[in-house]
Amino acid sequence: MFELATVLGSVAPVLQSGAEAGGPALDATGAAALAVGLAALGAGIAERGIGAAAMGAIAENEDLFGRGLILTVLPETLVILALVVVFLTL
Amino acid sequence: MSVKTEGSSNYEYVTARVRARRAKLFGDDDYRKLVRMGPGEIARFMEETEYETEMNALGARHSGVDLVEYALNRNLAKHFEDLLRWSEGSLYGYIARYLRKFDAWNIKTVIRGIYTDSDRSDIEDDLIRTGEFSERLLDRLVDASSIEEAIELLDSTIFGGPLEDAYSDFERDGVLVPLENAVDRAFYGHLLDDLPSAEPDSPTALVREFLEAEIDFRNLRNGLRIARSGADIDPAAYFIDGGRLFDPEELRQLASNDEELVARIREGPYGDDLDVALEELEDADSLIQFEHALDAALLEYSGKLSNRYPLSVCPVLSYILAKEREVENIRAVARGREAGLSVEEIEEELVIQ
């Protein structure tokens, strides 16, 4: 959590400098891109655990390959939903 | 002496594999079939299961019930080595700490082997090659020509110091009891080493809870055995520190009185889990029945913990216990059939969750 705060802290001045120049530092498309990026990050974190568990299950029983694959990519739906935001801003 | 580890743990991977393996353990039906088989049939049955590789590998050198027993041991070692191979980080530390149980077993086997002048190959067959000791150390232990030499080899391990202390007692009395006690005490004494009493629900706290339960159950069993055998031994002398149910003084008082002991356990933290075992203790006069009930209770308790905390060390420890039980059950069936016990008698010996 602490690392996230420092990251945000370093981003904030950039946003502010943009505001001083008149326009927003991040226009709508940029913000949408950020949304997709963050969603992908979240999906990646979620897949880390599921993927590890799925590999374990497949190692024990090869028939579980299909099920393991589906469960592993399930968090990927997050990114697809986040893509909706991009289309809304275009 | 703690196990040095670094990096983060891979609970997901290890628990997934362990759960798959646990599901493959023998169930009620398999045991029901096994109990009704003769020794030869048991061996043939085992060749078609999980134990196939080991049965084939050892089939040339051994036969009958010995073959079954050695195959069981080797399979056990294989699975537990796998656990150590997969796990990383602090998870490895937790598992390795518990698997030192087999280091203790190996040391006892070697000491007994040297004491009885057994062949090198006989001792080697009885080793369970898992735990913290390297293959090389085990080989050198088997090669040791005297107990003193074996103890010297163990100098750098947790067992070295206690064994050296016990050696003079052994020399004076000429019995193995002091040495074996020293080994067991070293194992249990180091079980809770460097485990801080962490905040609840953290991985460390769970390991602690599990190991404390194990120590409590061990104390309970020792106390009962002393009480039931009527021997004039001070239970407190065999007390293992670290449990949360008794302190030595209490155990001494309770060991002489069955009813109070049962009441005390019922009030304690394991009261609910031990319900069945306690009832068994109250009606049965046989200590063996109660010990089996205790084993089943520990198994159930570990199963409960592993369902409550799926991504923790609990499923792994619970698997280790279940696998050990399976090996002991099959051994009991095989030996029982060999000795010509009846089906009912053997079924009483089994501990099935």
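The values are calculated or read from the model by the stated rules, or taken from the named source; none is laboratory data. Just so you know, these numbers come straight off a predicted model, no measurement behind them. Glycine gets a Cβ as well: all are built from the backbone with ideal geometry, and neighbour counts include every protein chain shown. Accessible surface is based on the protein model in full, side chains and every heavy atom, while ligands, DNA and RNA are left aside. Shrake-Rupley method; radii C 1.70, N 1.55, O 1.52, S 1.80 Å.
Structure summary
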read-out	value
Within the range B:91-122, tally of residues that are open to solvent by 30 Å² or more (accessible area, probe 1.4 Å), farther than 15 Å from residue B:150 by Cα and without any contact (Cβ under 8 Å) to a residue 60 or more places away in the chain	3
Flag if residue B:19 is within 14 Å of chain A (Cβ to nearest Cβ) and either part of a helix (DSSP H, G or I) or aliphatic (A, V, I, L, M) (or both)	yes
Within the range B:284-300, considering residues that are of a type outside the set (A, V, I, L, M) and closer than 22 Å to residue B:24 by Cβ, the one farthest from the other protein chains (Cβ to nearest Cβ)	B:295
Residue B:71 being more than 24 Å from the chain's Cα centre (by Cα), part of a helix (DSSP H, G or I) and on the phi < 0 side of the Ramachandran plot	no
Residue match in the range B:233-253 (condition: charged (D, E, K, R), over 23 Å from residue B:188 (Cβ atoms) and modelled with pLDDT of 70 or more)	no
Hits in the range B:62-76 (condition: surrounded by fewer than 19 Cβ atoms within 10 Å (Cβ to Cβ) and small (Gly, Ala, Ser))	B:63, B:64
Residues that are open to solvent by 80 Å² or more (accessible area, probe 1.4 Å) and either part of a helix (DSSP H, G or I) or at pLDDT 90 or above (or both), drawn from the range B:29-48	B:29, B:32, B:33, B:41, B:44
Unmet requirement for residue B:12, which otherwise passes all of (1) open to solvent by 20 Å² or more (accessible area, probe 1.4 Å); (2) closer than 30 Å to residue B:161 by Cα; (3) within 14 Å of another protein chain (Cβ to nearest Cβ)	(2)
Answer from B:76, B:91, B:99 - the residue that is away from every other protein chain (no Cβ under 14 Å) and out of contact with any Gly (no Cβ under 6 Å at 6 or more places or on another chain)	B:76
Filtered residues of the range B:127-141 (kept if within 23 Å of residue B:167 (Cα to Cα) and surrounded by 19 or more Cβ atoms within 10 Å (Cβ to Cβ))	B:127, B:133, B:138, B:141
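Here is a yes/no grid of residues against (1) closer than 24 Å to residue B:159 by Cβ; (2) hydrophobic (A, V, I, L, M, F, W, C):
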{"position": "B:41", "(1), (2)": "no, no"}
{"position": "B:52", "(1), (2)": "no, no"}
{"position": "B:58", "(1), (2)": "no, yes"}
{"position": "B:64", "(1), (2)": "no, no"}
{"position": "B:68", "(1), (2)": "no, yes"}
{"position": "B:81", "(1), (2)": "yes, no"}
{"position": "B:106", "(1), (2)": "yes, no"}
{"position": "B:117", "(1), (2)": "yes, no"}
{"position": "B:122", "(1), (2)": "yes, no"}
